[in-house]
1. Run the reach check for Lys141 against aspartates and glutamates, Cα to Cα strictly under 12 Å, same-chain hits fewer than 8 apart removed. What comes back?
2. Mind checking which aspartates and glutamates have their C-alpha under 15 Å from Lys226, skipping anything on the same chain fewer than 8 residues away?
3. Where a Cα-Cα gap under 20 Å defines reach, which aspartates and glutamates qualify for Lys102, not counting those fewer than 8 residues away within the same chain?
4. Calculate, in nm to one decimal, what Asp211 and Ser40 gain on full extension: separation in residues at 0.36 nm each, minus their alpha carbon distance.
5. Using a Förster radius of 35 Å, what is the FRET efficiency between Thr111 and Ser64 based on their Cβ-Cβ separation? Nearest 0.05, please.
6. With a Förster radius of 35 Å, plug the Cβ-Cβ distance of Glu84 and Thr156 into 1/(1 + (r/R0)^6) and report the FRET value to the nearest 0.05.
7. About its Cα centre, what dipole magnitude does region 127-238 give when the only charges are +1 on Lys and Arg Cβ and -1 on Asp and Glu Cβ, stated in debye to the nearest 20?
8. Could I have the simple spin-label model distance between Asp224 and Ser237, label points 7 Å from Cα toward Cβ, reported in nm to one decimal?
Amino acid sequence: MDARTSRPARPTKAKTAVRRTRSGGPRPTPVSTKPSADGSDLLHATVYGELHKRFVTGRVMPESRLSTRRLAAELGVSQMPVREALRRLAAEGAVEIRSKRKIAVPAMTATRFDDLLRCRMLLEPEAAEAAFPFIGPALLKKLRETDKGMGVAMRTGDVGAYMEGNFNFHFLIYSAQPRRTLLQLIQTLWLQFGPYMRVVYGRFGTANLVDQHRVAIACIEAGDAKGLRAAISTDISDGMGLIGASGFDSEQ
């Protein structure tokens, strides 16, 4: 037997669907279509990560219908990892799977909105304060760059870039703290309100709101952990207030 054929095959890795931007946030890229058996878990994780990112940055519209075939074609993968990702998203409340062909973003109601707002107000300021001791000069620099990029996106009317910057800013802070369960719970909340925030920002903008991100940065620079907590709390109430002001079409 040829020595080259007797050598165990080296497992390949599926190309990740996430690349980091300079602001610390991910940028979606096509997923590899040829994972090895050893790389199947990685492929499922990257497909889920890409769809997760579409929800939290508002790239998936409220009450939209999702097609596993179309999503698989967009990502360059089979339908199997897409179905698995959608099942995970359904367990997290981001989608409703009514049948194989009926997968939709659930409608927002006043009751659901109030529940999401209360949970965000409980968890996110707590995560921000918990992260405070871990925010060093390098992370502070990323926060400044991200906020600057959001300002550019706002001036140019780029809602998509603004949404991604907003997500990046918050999770640069939350990810700095070591409580992983707290971080996962917050991510689940963002999955559920992201599609609605995109619509509201696109409709009303944020020009009349105080930039609480700059307030948060100033608090970090001043060594004010409680001030950071308050800035994140106000940022949440301002943003969610825009959603509430837009009203809801139905109550379920």
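1. Glu221
2. Glu124, Glu126, Glu129, Asp235
3. Within the straight-line limit of under 20 Å, Lys102 reaches these aspartates and glutamates: Glu63, Glu74, Glu84, Glu92.
4. Length gained, Asp211 through Ser40: 57.3 nm.
5. Taking R0 as 35 Å, the efficiency between Thr111 and Ser64 is 0.95.
6. Computed FRET efficiency for Glu84 and Thr156: 0.40.
7. Dipole size: approximately 160 debye.
8. Each label point is offset 7 Å from its Cα along the Cβ direction, giving 1.6 nm.
None of the figures in this text is laboratory data; all of them are computed from the coordinates on show. Since the model is a prediction, treat every value here as computed from it, not as a measurement. All Cβ positions, glycine included, derive from the backbone under ideal geometry; neighbour counts span all protein chains shown.
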